[in-house]
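The values are calculated or read from the model by the stated rules, or taken from the named source; none is laboratory data. All values reported here derive from a predicted model rather than from experimental measurement. No Cβ is skipped: glycine too gets one built from the backbone with ideal geometry, and neighbour counts run over all protein chains shown.
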Amino acid sequence: MAELDTSGGGGKKGGKVRSKKASTRVDLTAMVDLMFLLITFFMLTTTLAKPQAMDLAMPDKDEKNEDQFDVADTRTMTVLLGDKNKLEWYIGLVDKPLSAPTVDGYGKNGIRKAILEKSKEIKASTGKNIIVLIKASDKANYKNLVDILDEMKITNTESYAIVDISAPEIELLKRDGIY
């Protein structure tokens, strides 16, 4: 609390009579306590940045692969994730692709543009939506997988799956220099 010191300037006799100067001293203990209480309150009540997550529907590990079904090659786009932030995509099967395998990058002028164009073509010709198969090689990094999942969300692709890559597809990546 505030304290007021009214003691004189010593016990000198004689001389001029001077007015007494009051020295003030403020005790800041209560102010420091209040500051720590406020800091603690705001630290406990403030919400930190919430992590953003994407919902993925994953199959159960106990289920057998009896529920697999064949999909027409004409509506299947396969995206192979390679090295150096590059990917390769084609329509159809790796042995008989309906469109030539194309090396592309990520972003709006890369795979996004290809997905949107092929999705419109497939919708116009078959009347059904495109199915995208994502196959990551062991040279691809985690960021590439997240980027392609973001592209699926941006392009509103309803059906896509993350699938194991096969040996002929790895050879295709090696041939084009992105493995």
*Checking Val94 against (1) aliphatic (A, V, I, L, M); (2) touching an Asp or Glu at 6+ places or on another chain (Cβ under 7 Å); (3) modelled with pLDDT of 90 or more, which single condition isn't satisfied?*
(3)
*Could you say which residue among Leu116, Leu37, Leu133 is at negative phi, at pLDDT 90 or above and not assigned by TED's automatic domain parsing to the domain that holds Pro168?*
Leu37
*For segment 105-112, indicate whether the set of residues that are within 19 Å of the chain's Cα centre (by Cα), surrounded by fewer than 16 Cβ atoms within 10 Å (Cβ to Cβ) and in contact (Cβ under 8 Å) with a residue 40 or more places away in the chain is non-empty.*
no
*asked:* I'd like to check something: does segment 76-99 contain any residue that is more than 29 Å from Asp176 (Cβ to Cβ) and of a type outside the set (Ser, Thr, Tyr)?
replied: no
*Go through (1) over 24 Å from Gln52 (Cα atoms); (2) buried (at least 19 other Cβ atoms within 10 Å of the Cβ); (3) not acidic (Asp, Glu) and name the single condition Pro168 misses.*
(2)
*Go over the candidates Lys84, Lys118, Lys139 one by one and state the one that is touching a strand residue (DSSP E or B) at 6+ places or on another chain (Cβ under 7 Å), in contact (Cβ under 8 Å) with a residue 12 or more places away in the chain and either surrounded by fewer than 14 Cβ atoms within 10 Å (Cβ to Cβ) or not polar (S, T, N, Q) (or both).*
Lys118
*Working only within segment 75-102, note down all residues that are among the charged types (D, E, K, R) and over 16 Å from Ser119 (Cα atoms).*
Asp83, Lys84, Lys86, Glu88, Asp95, Lys96
